[in-house]
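Asks: Would you mind keeping the following structure in view while I ask a few things?
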Amino acid sequence: MITRQWLLRLGRRPHRVLSIFILVFMPSACTDRDEASHTGNDPAAVRAAAHSLNVRVSLDPALANKVAPTDTVFVFARSTQGPKMPLAIARIQSKDLPANVTLDDSSTLMPDMRFANFPEIIVGARVSKSGQATPQVGDLEGYSHAFAPATQRQAEVVIAQVVGDHPPPLPVIMPPKPASASAALGHPKSGAKLVLEIPAEVRAKWKAVELTLTGKGGAPQTVRVPVGGDAAVGGSGLTVRVIALVPAFQSNADAVTSTSNNPDNPAVLVRLLDKDRTLAEGWVFQKYPDFNTFNSDRVQVRLAAALTATK
């Protein structure tokens, strides 16, 4: 035990105090520094290392003549089930390929969308000619196989396809909304089911949305639509139906819900109808329009505002 008298004696010999301080405290400091040196001297990176994913991205040589050095390349991971919003995303340029990219919880779009919350993911890379994350005809892309992030920390993606040269993913189609607060969300590719779970206080507060609708060849129109209501798209004969509204979108492998009653990440689930026939359906995000899962070549939908009243 260090006594007062011992400290007083040391106080007369400052050099001894300094020597003891170095011997006692420096080893642990060196350990912390050595650990940080492997993660860019970033303490947050040290904490996130357990949930990081190393991705090797390369371009098929056969497509080299279709890429400019300054083209944007998005590298992303997403769950194999549920909405297509990426769990994590990074941006590089074509001139950097081939490249090793790290995706981890620090690059997630929302705090609750962490790798550990999803049993199976897929990694993709897309050369975007427009610089936008939404795929466009003529972009180049590639995907890894599906895997469990809990057991696999590395993935390889070869960009070897041209967007438009292969069939697009199947849309997410929902059955008619049941009377209960929860609706089963069907995903035809996987056969898996998600549940739409909107807390009662959210449904009580958020009543309508303001949408910007642009029909093919037409001018944009801004309309206010109550949740559960329809809006006509110009003179096209098509309608857009608002299925659900969440102010703070969250999705995991089992459900879509709202993490709060605040407009942290507003999203609306819409369905495009030609009379009684469903043409397209998906989520539209106000803050992240590049990651909308609604996709139609006949009508473009943008979420302008989430509203607490219908008028």
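The values are calculated or read from the model by the stated rules, or taken from the named source; none is laboratory data. Predicted model only: the values in this text are computed from it and were never measured. All Cβ positions, even for glycine, are placed from backbone atoms using ideal geometry, and neighbour counts span all protein chains on display. Side chains are part of the model used for accessible areas, which takes the heavy atoms of the whole protein and leaves out ligands, DNA and RNA. Shrake-Rupley method; radii C 1.70, N 1.55, O 1.52, S 1.80 Å.
Asks: For segment 53-83, give me the residue count where each residue is touching a Lys or Arg at 6+ places or on another chain (Cβ under 7 Å) and more than 20 Å from SER130 (Cα to Cα).
Replies: Selection size over segment 53-83: 3.
Asks: I'd like to know if segment 46-56 contains one or more residues that are of a type in the set (Ser, Thr, Tyr), surrounded by 15 or more Cβ atoms within 10 Å (Cβ to Cβ) and either within 25 Å of the chain's Cα centre (by Cα) or modelled with pLDDT of 80 or more (or both).
Replies: yes
Asks: What are the residues in segment 271-297 that are within 19 Å of the chain's Cα centre (by Cα) and of a type outside the set (Phe, Trp, Tyr), if any?
Replies: GLU281, GLY282, VAL284, GLN286, LYS287, PRO289, ASP290, ASN292, THR293, ASN295 - these are the residues of segment 271-297 that are within 19 Å of the chain's Cα centre (by Cα) and of a type outside the set (Phe, Trp, Tyr).
Asks: Hey, among the residues in segment 124-140 that are open to solvent by less than 10 Å² (accessible area, probe 1.4 Å) and part of a strand (DSSP E or B), which one's nearest to ALA62 (Cα to Cα)?
Replies: By that ranking, first place goes to LEU140.
Asks: Out of ASP96, ASP60, ASP105, which single residue is closer than 30 Å to VAL270 by Cα and either open to solvent by 30 Å² or more (accessible area, probe 1.4 Å) or under 17 Å from the mean Cα position of the chain (by Cα) (or both)?
Replies: Selected residue: ASP105, the only one of ASP96, ASP60, ASP105 that is closer than 30 Å to VAL270 by Cα and either open to solvent by 30 Å² or more (accessible area, probe 1.4 Å) or under 17 Å from the mean Cα position of the chain (by Cα) (or both).
Asks: Could I ask something else about it? In segment 256-270, which residues are farther than 16 Å from MET113 by Cα, open to solvent by 20 Å² or more (accessible area, probe 1.4 Å) and touching a residue at least 24 places away in the same chain (Cβ under 8 Å)? It would help to see each step written out before you state the result.
Replies: First, pick out the residues of segment 256-270 that are farther than 16 Å from MET113 by Cα: 261-263, 268-270.
Next, from what is left, pick out any that are open to solvent by 20 Å² or more (accessible area, probe 1.4 Å): 261-263.
Of everything in segment 256-270, those that are farther than 16 Å from MET113 by Cα, open to solvent by 20 Å² or more (accessible area, probe 1.4 Å) and touching a residue at least 24 places away in the same chain (Cβ under 8 Å) turn out to be ASN261, PRO263.
Asks: If you don't mind, another one. Check GLY186, GLY215 and return the single one that is open to solvent by less than 50 Å² (accessible area, probe 1.4 Å), out of contact with any Pro (no Cβ under 6 Å at 6 or more places or on another chain), modelled with pLDDT under 85 and under 20 Å from THR293 (Cα atoms). Write out each step before concluding.
Replies: Details: GLY215 fails: modelled with pLDDT under 85.
Unique residue meeting the criteria: GLY186.
Asks: Please pick out the residue among LEU170, LEU196 that is modelled with pLDDT of 50 or more, out of contact with any Gly (no Cβ under 8 Å at 6 or more places or on another chain) and closer than 22 Å to ALA244 by Cα.
Replies: Checking each option against the conditions leaves just LEU196.
Asks: Of the conditions (1) part of a strand (DSSP E or B); (2) more than 20 Å from the chain's Cα centre (by Cα), ALA219 fails just one. Which one is it?
Replies: (1)
Asks: Can you tell me which of PHE294, PHE285 is open to solvent by 10 Å² or more (accessible area, probe 1.4 Å) and of a type in the set (A, V, I, L, M, F, W, C)?
Replies: Selected residue: PHE294, the only one of PHE294, PHE285 that is open to solvent by 10 Å² or more (accessible area, probe 1.4 Å) and of a type in the set (A, V, I, L, M, F, W, C).
Asks: Filter segment 218-233 down to residues that are among the hydrophobic types (A, V, I, L, M, F, W, C) and either surrounded by fewer than 18 Cβ atoms within 10 Å (Cβ to Cβ) or touching a residue at least 40 places away in the same chain (Cβ under 8 Å) (or both), then give me how many there are.
Replies: Residues of segment 218-233 among the hydrophobic types (A, V, I, L, M, F, W, C): 219, 223, 225, 227, 231-233.
Filter once more, so that each one left must be either surrounded by fewer than 18 Cβ atoms within 10 Å (Cβ to Cβ) or touching a residue at least 40 places away in the same chain (Cβ under 8 Å) (or both): 219, 223, 232-233.
Within segment 218-233, residues that are among the hydrophobic types (A, V, I, L, M, F, W, C) and either surrounded by fewer than 18 Cβ atoms within 10 Å (Cβ to Cβ) or touching a residue at least 40 places away in the same chain (Cβ under 8 Å) (or both) number 4.
Residue-wise test of (1) over 25 Å from ASP297 (Cβ atoms); (2) modelled with pLDDT of 85 or more.
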position	(1), (2)
GLY228	yes, yes
ARG241	no, yes
VAL246	yes, yes
ALA255	yes, no
SER258	yes, yes
PRO263	yes, yes
VAL270	no, yes
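Asks: Another question, then. Across segment 64-79, what is the total count of residues that are open to solvent by less than 20 Å² (accessible area, probe 1.4 Å) and over 30 Å from ARG114 (Cβ atoms)?
Replies: Looking only at that region, the number is 0.
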